[in-house]
Amino acid sequence: MKEQVSIETHPSPPKVMYSPRSVDVEITARCNLHCRYCYFFDNPAVDYQDLDTDEWLEFFDELGRCAVMNVTLQGGEPFVRRDLPALIEGIVRNRMRFAILSNGTLIDDDMAAFIAGTGRCDLVQVSVDGSNPEPHDACRGKGSFKAAINGIHALQRQGVNVSVRVTLHRFNIHDLENIARLLIEELELDEFTTNSAAYLGSCRLDGDEVMLRTEDRGLAMEKLVCLANKYDGRITATAGPLAEARLWSAMEQARTNAAEPFSFGGRLTGCGCTDNTLAVRADGMIIPCCMLADMELGRINTDSLIEVWQHSPVLNRLRCRHDISLTEFEFCSGCLYIPYCTGNCPGLAYSLTGHANHPSPDACLKRFLESGGRVPIETGI
Amino acid sequence: MTDHNMPIANPLVVLREEFDDWAILFNPETADAMGINPVGVAVWKQMDGRHSLEEIVDDLGERFSEVPDTAGKDVAAFVNQLVELGFVGYELKDSGR
């Protein structure tokens with residue numbers, strides 16, 4: 001592998017907005033579950049500690065002064081914090097909107113009513129990985145399915161916008177049709193999103209037992225494309241098998257037809273998060289993204305958010321990522337898909353290779369095909 | 001009774017200045033957002049309930065070159081649009097009754 005491309009090759013820092021539009025906040029390092037594929041836990045480089053209420057409120061005041069628009073509260077499990085209402089009030093007071101990513105198991109009617117009453121919640125995303133307890137609880141723990149569904153019902157009763165994230169793994173791919181029926185037909189959700197267990201956090205410990213193998217991945221892609229068509233776009237994804245099926249299908253068709261390069265193709269364009277979003281770990285360390293958790297940029301209430309956002313060399317190097325050609329990487333040598341490839345997620349690339357400015361091996365179509373995978377070809381993409 | 005000549009910005013609305021003096025107005029109550037150019041930003045900053053539309057237009061003439069003759073009409077239309085979105089209002093004044 002060639003050396004990681006350094007910032008010195010990009011002497012002019014990219015133009016950035018005055019401040020991030022949104023901030024992802026890992027509001028706690030605690031969780032009432034211990035899911036086998038959690039991206040958050042078991043990162044040896046991370047100090048899993050919580051800040052007290054006042055420290056977060058001081059930070060939310062700074063976000064308000066910086067005209068940040070949205071805060072996404074995640075963790076850990078945000079609802080383990082007893083002071084969550086006070087923290088949400090701090091967000092609301094500073095003229096921001098919020099979303100919460102949750103396992104759903106601790107949400108009751110009182111909490112749902114509080115969230116609804118703020119009028120500022122874009123959504124609460126609840127993880128549901130099965131149509132029944134067996135596939136869900138297999139990785140998330142006994143009783144977690146029933147509690148998550150109860151949480152969704154509480155949110156719906158109070159009129160909170162609920163989104164569901166389905167993480168695909170080896171124990172639930174054969175349940176996909178039932179999961180879609182449960183979420184869309186029975187729970188009457190507008191839509192749900194999908195992803196898959198990836199080589200991050202806890203999944204690095206026993207990922208081989210949980211993550212999709214090549215044949216599982218092909219099957220998941222095929223089923224999800226069918227279901228997304230059946231439910232008319234109400235199943236979406238920005239990562240995982242459904243997103244891969246769509247991009248890879250387009251790439252395969254383009255290569256077959258010797259089409260012009262994609263406008264975003266041939267360079268590391270797979271992520272634009274650093275153009276508008278920043279993240280903060282539970283211990284207060286500012287990081288580029290929750291998937292780059294050990295890439296510390298500064299500390300809240302000590303370092304100026306604006307200073308970090310505008311001038312961090314690490315962040316600016318990530319922002320220059322899209323200028324890096326895939327032809328610079330030995331990993332991509334001889335690949336016919338380069339004109340159509342984005343290199344995908346820097347977080348996953350970092351976890352797998354130790355370099356964020358590298359294509360993600362997990363998202364390599366050539367590799368997938370060489371290992372026996374098949375991509376369902378969609379038309380009209 | 002309202003003073004329809006002195007617009008006042010909704011204090012909940014956030015002015016987010018981004019690139020090259022362009023900005024976003026964001027209402028966190030409704031999630032409505034609207035992109036505005038540097039002239040819009042200048043107008044927004046004058047909507048404090050103490051400046052009439054005429055004064056705001058005059059101020060533009062001092063800040064920007066080549067202000068068109070239609071500026072008064074354009075600013076009024078812009079302010080009306082903001083009023084419809086709930087981004088701007090007019091101060092209620094005591095009618096004395």
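Just so it is clear, none of the values below were taken in a lab; they were calculated from the coordinates. Keep in mind the model is a prediction, meaning the values are calculated, not measured. Glycine also receives a Cβ, built like all others from the backbone with ideal geometry; neighbour counts cover every protein chain displayed.
Local charge for residue A:90 was computed over the other residues whose Cβ lies under 14 Å away, with Lys and Arg +1 and Asp and Glu -1, and equals -2.
For labels at residue A:209 and residue A:263 in the simple 7 Å Cα→Cβ model, what's the distance in nm? Between residue A:209 and residue A:263, the simple spin-label model gives 4.7 nm.
How would the range A:182-265 be classified by its alpha-carbon gyration tensor: rounded, prolate or oblate, with rounded meaning a/c under 1.5 and the a/b versus b/c comparison settling the rest?
Details: a/c = 2.11, a/b = 1.16, b/c = 1.83.
Note, shape of the range A:182-265 comes out oblate.
If R0 is 60 Å, the Cβ-Cβ spacing of residue A:153 and residue B:59 corresponds to a FRET efficiency of close to 0.65.
Quote the relative contact order of the range A:298-366 in percent (integer), defining contacts as alpha-carbon pairs under 8 Å separated by 6+ residues. Could the numbers behind the result be given before it?
Numbers: 53 pairs, mean separation 14.5, N = 69.
Result for the range A:298-366 is 21 percent.
Counting only DSSP beta bridges whose two residues both lie in chain A, roughly 15 percent are antiparallel.
The convex hull around the C-alpha trace of the protein assembly as shown, projected and averaged over every direction, spans 27.0 square nanometres. Between residue A:93 and residue B:71, the modelled label-to-label distance comes to 4.1 nm, taking each label 7 Å out from Cα in the direction of the beta carbon. Remark: relative contact order (chain A) = 20 percent; criterion is Cα-Cα distance under 8 angstrom and separation of 6 or more residues. Judged by the gyration tensor of its Cα atoms, with axes a ≥ b ≥ c, the range B:2-85 is oblate; a/c meets the 1.5 cut and b/c is at least as large as a/b.
Modelled label positions at residue A:45 and residue A:367, each set 7 Å beyond Cα in the direction of Cβ, lie 1.8 nm from each other. The trypsin sites (Lys or Arg not before Pro) of the range A:83-160 meeting both criteria, a DSSP state outside H, G, I, E and B (loop) and at most 11 other C-beta atoms within 10 angstrom of the site's C-beta, are A:142. Between A:357, A:344, A:292, the Cα set farthest toward the positive side of the dipole of the range A:292-366 (charges on each charged residue's Cβ, about the Cα centre) is that of A:344.
Which of the trypsin sites (Lys or Arg not before Pro) found in the range A:176-268 are in a DSSP loop and have at most 16 neighbouring Cβ atoms, other than their own, within 10 Å?
Numbers: sites: A:181, A:204, A:213, A:217, A:223, A:230, A:234, A:246, A:255, A:267; in loops: A:213, A:234.
Sites meeting the loop and neighbour criteria: A:213, A:234.
In this calculation the C-beta distance from residue A:302 to residue B:85 is compared with R0 = 22 Å, giving a FRET efficiency of 0.05. Residues of the range A:40-68 with an amide N closer than 19 Å to a point placed 7 Å from the Cα of residue A:83 along the Cα-to-Cβ direction: A:48-64.
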